[in-house]
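Here's the structure we're looking at; comments come further down.
None of the figures in this text is laboratory data; all of them are computed from the coordinates on show. Computed from a predicted structure; not experimentally measured. All Cβ positions, glycine included, derive from the backbone under ideal geometry; neighbour counts span all protein chains shown.
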Amino acid sequence: MHASSVSSCNTVIRVTTCGRAWEMERPADLETLWEQMDVFNEDERLPYWTEIWPSSLALGDWLARQAARIHGRLALDLGCGIGLTALVGSSLGAHVIGMDYEPEALAFARKNAFRNGVPQPCWTAMDWRKPAVRAHSISFIWAGDIMYETRFAQPICNFLDHSLTSSGIAWIAEPCRSVYDLFRSTLVNRRWNCRCVLNTSVPAVIPQPRPVPVRIWEITR
């Protein structure tokens with residue numbers, strides 16, 4: 001499923017999704033970065049973006065199944081990290097905006113597009129609390145494992161409200177965390193439709209005894 005190697009001071013991990021192998025360069029493993037961080041700012045900008053999460057692998061496979069729907073359409077990867085699912089979408093012919101809060105993540109994402117021979121998405125540093133895309137302009141939004149804090153529920157819903165077209169679709173992949181229940185209830189209270197379109201298990205990139213359960217939710221108006 002995966003392997004790793006070291007290039008200079010960075011790590012290259014190899015994963016499989018969307019029917020092909022991908023080489024993804026990142027700065028270091030998550031534990032090392034945490035050890036180097038003495039304090040967090042008010043946003044607690046933990047370096048989650050350095051990892052490839054099982055939800056992203058499941059989401060990449062899901063996007064492959066939706067290739068005909070997303071081809072030629074404007075799409076946005078919400079919290080793209082080092083770029084895996086943005087690159088999957090681009091390889092399938094979508095016009096992808098890869099968005100992340102951390103500019104350093106986007107620098108690696110750009111390198112990973114070159115490394116994997118994929119057309120460059122439009123990479124942009126953006127805070128989902130302050131959408132910098134035209135209102136109701138995005139046909140598809142997808143994200144892998146972004147709902148790990150309850151405080152994210154309202155701003156992500158606001159982002160979907162602002163960004164998606166009236167017929168737009170969002171796909172959120174998540175590892176069956178209880179925090180997602182709050183997000184889902186927030187969506188329903190705001191009159192979004194939310195249904196589980198995939199319930200699967202994915203081997204973790206970091207080896208562990210059991211596969212990780214992943215659900216993908218389709219969100220529409």
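Could the peptides 197-204, 60-67 be put in order, highest first, of the mean number of other beta-carbon atoms found within 10 Å of their residues?
On the way: 197-204: 15.2, 60-67: 19.6.
Put in order of decreasing packing, that is 60-67, 197-204.
Relative contact order for the chain using alpha-carbon pairs under 8 Å, separation at least 6, rounded to a whole percent?
On the way: 457 pairs, mean separation 37.4, N = 221.
The value is 17 percent.
Give me the net charge of Ala143's neighbourhood, meaning all other residues with Cβ under 10 Å from the Cβ of Ala143; Lys, Arg count +1, Asp, Glu -1.
Numbers: positive: none; negative: Asp77, Asp145, Glu174.
With Lys, Arg at +1 and Asp, Glu at -1, the neighbours total -3.
Report the dimensions of the chain along its three principal axes from the alpha-carbon atoms, largest first, rounded to Å.
The principal-axis extents, from largest down, are 48, 40, 35 Å.
What does the convex hull of the Cα atoms come to per residue for the range 111-175, in Å³? Let's see the in-between values first.
Working: hull volume 7.7 nm³, N = 65.
Cα-based convex hull of the range 111-175, divided per residue, equals 118 Å³.
Below 15 angstrom from the Cβ of Ala170, what's the summed charge of the other residues (Lys, Arg +1; Asp, Glu -1)? Display every interim value, and only then the final one.
Numbers: positive: Arg69, Arg73, Arg184, Arg190, Arg191, Arg195, Arg215, Arg221; negative: Asp77, Asp145, Asp161, Glu174, Glu218.
That works out to +3.
Take peptides 178-186, 140-148 and line them up by average Cβ neighbours within 10 Å, highest first, as a rough protection proxy. Intermediate results must be reported in sequence, preceding the final value.
Working: 178-186: 15.6, 140-148: 23.3.
Highest-to-lowest ranking by the protection proxy: 140-148, 178-186.
Can you give the net charge of the other residues whose Cβ lies under 10 Å from the Cβ of Gly79, counting K and R as +1 and D and E as -1? Please report the intermediate quantities before stating the final value.
Details: positive: none; negative: Asp77, Asp100, Glu102, Asp145.
So the surrounding residues net to -4.
At 0.36 nm per residue, minus the direct Cα-Cα distance, what do Val12 and Ala67 gain on full extension? Give it in nm, one decimal, please. Mind dumping the intermediate values first?
Numbers: separation 55, 0.36 × 55 = 19.80 nm, distance 2.69 nm.
Result: 17.1 nm gained on full extension.
Among 130-139, 97-106, 80-89, how do they line up from the highest to the lowest mean number of other beta-carbon atoms within 10 Å?
Working: 130-139: 14.8, 97-106: 21.4, 80-89: 30.3.
Ranked by mean Cβ neighbours within 10 Å, highest first: 80-89, 97-106, 130-139.
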